[in-house]
1. Here are Ala173, Ala222, Ala236: which of them is open to solvent by 40 Å² or more (accessible area, probe 1.4 Å), at negative phi, hydrophobic (A, V, I, L, M, F, W, C) and without any contact (Cβ under 8 Å) to a residue 40 or more places away in the chain?
2. I'm trying to understand the selection: among the residues of the range 21-39, which are closer than 21 Å to Ala198 by Cα and open to solvent by 30 Å² or more (accessible area, probe 1.4 Å)?
3. Any idea which of (1) open to solvent by 20 Å² or more (accessible area, probe 1.4 Å); (2) over 13 Å from the mean Cα position of the chain (by Cα) is the one Leu231 doesn't satisfy?
4. Quick check on this structure: which one of Ala288, Ala318 is under 30 Å from Ala351 (Cβ atoms), out of contact with any strand residue (DSSP E or B) (no Cβ under 7 Å at 6 or more places or on another chain) and modelled with pLDDT of 90 or more?
5. Hey, can you tell me all the residues within the range 298-327 that are over 16 Å from Arg202 (Cα atoms) and in contact with a Phe, Trp or Tyr (Cβ under 9 Å, 6 or more places away or on another chain)?
6. Which one is nearest to Ala249 (Cα to Cα) among residues in the range 101-144 that are surrounded by 14 or more Cβ atoms within 10 Å (Cβ to Cβ) and among the β-branched types (Val, Ile, Thr)?
7. Condition first: part of a helix (DSSP H, G or I) and either touching an Asp or Glu at 6+ places or on another chain (Cβ under 9 Å) or of a type in the set (Ser, Thr, Tyr) (or both). Now tell me which residues in the range 250-273 satisfy that.
8. Kindly evaluate Glu277 against the criterion of being open to solvent by 30 Å² or more (accessible area, probe 1.4 Å), assigned to a helix (DSSP H, G or I), closer than 30 Å to Ala136 by Cα and at pLDDT 90 or above.
Amino acid sequence: MYDEEQQPGRPDHGPLAGFTVGVTAARRADELGALLQRRGAAVLHAPALRIVPLADDGELLAATKEIIGQRPDVVVATTAIGFRGWVEAADGWGLGEQLLGRLREVELLARGPKVKGAIRAAGLTEEWSPSSESMAEVLDRLLEQGVDGRRIAVQLHGEPLPGFVESLRAGGAEVVPVPVYRWMPPEDVTPLDRLLDAAVSRGLDALTFTSAPAAASLLSRAEDRGLLDELLSALAHDVLPACVGPVTALPLQARGVDTLQPERFRLGPLVQLLCQELPARAHALPVAGHRVEIRGHAVLVDGALKPVPPAGMSLLRALARRPGWVVPRSDLLRALPGAGRDEHAVETAMARLRTALGAPKLIQTVVKRGYRLALDPATDAKYADG
């Protein structure tokens, strides 16, 4: 994985500097957050769910006994954490060796390299694993071989696999679900509510999802709070929804939300994609001989990162909506969060904005009228003609 910060000639900030990215992950949140922060992003993390192991769950015990008692033809392992949890739970019940013995006798399929590693760590060998890590490819292989009359055990990964089990049953297979752990709402929803409020208020530039249950949980919480329409609007227009893969995106797509997905379903490629997409979406203008790029909570002036207070960012965005045009103080006052009716608040925020930008001439005061971005002449004429 490349590192922007270590390449010669690069600015001393990362490609995500000035952007705020929300993280909904429960597992591997620290790893994803570190990758984002390393590239300059501010990260707001709130687990949208929690993983509840089923070591004491009757469903998992019953499925384990059923597999030991009656050998399946195929066992599909879908996640490393789930497979390890299954073996550990069986050990706790005194059934570990019996389960491993049975798994040595079956056609054992692994969804990807991490599951393959967990299988081999248990002293087993998988018969096959797809290069794409896609459950769709696993399903295609099984259906091509023919599943009519076959007994197939599927280790679920926290939720029913969309279409997978149904397709096997439609093909004539007997499916034994193995529910190793469940997704549950977080015990403390305060961080999730904070993340939701930030998304709705456009305090986030992107929102990342690494599992379908996390996406479903956030949507459910938004619905409970009466914020679902506002969240969907934010995700459609202002907050970039980024999913690690197509299965993760399903709950969002069901609500009509288009998502960004990397070609390889990994955290690294997900972050790389954000490094390309967020800067490309930033508003860049030639102003007073400078290149000004407006990001989420900061501005790049000729490539130098300038953190800007929230009120200043609100003013700058209002000016940038009609570059070169005079924006009245009354309009700018409405753009300020919680500013009330005193236009003096605009002057105060504007002074702080100019200080933060470090180039006072970027914004011109038009006496008795308001303020405007000092667009470069050629650009100014182009906007005026339009």
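The values are calculated or read from the model by the stated rules, or taken from the named source; none is laboratory data. Just so you know, these numbers come straight off a predicted model, no measurement behind them. A quick note on method: Cβ atoms are made from the backbone with ideal geometry, for glycine too, and the neighbour counts reach across all protein chains shown. Just so you know, the surface numbers come from the protein's heavy atoms only, side chains and all, with ligands and any DNA or RNA stripped out. Shrake-Rupley method; radii C 1.70, N 1.55, O 1.52, S 1.80 Å.
1. Just one listed residue meets the conditions, Ala236.
2. Within the range 21-39, Ala26, Asp30, Ala34, Gln37 meet the criteria.
3. All conditions are met except number (1).
4. After applying the criteria, what remains is Ala288.
5. Within the range 298-327, Leu319, Arg322, Pro323, Gly324, Trp325, Val326, Val327 meet the criteria.
6. Val138
7. Correct list: Leu252, Leu267, Pro269, Leu273.
8. Considered against the rule, which asks whether it is open to solvent by 30 Å² or more (accessible area, probe 1.4 Å), assigned to a helix (DSSP H, G or I), closer than 30 Å to Ala136 by Cα and at pLDDT 90 or above, Glu277 comes out as yes.
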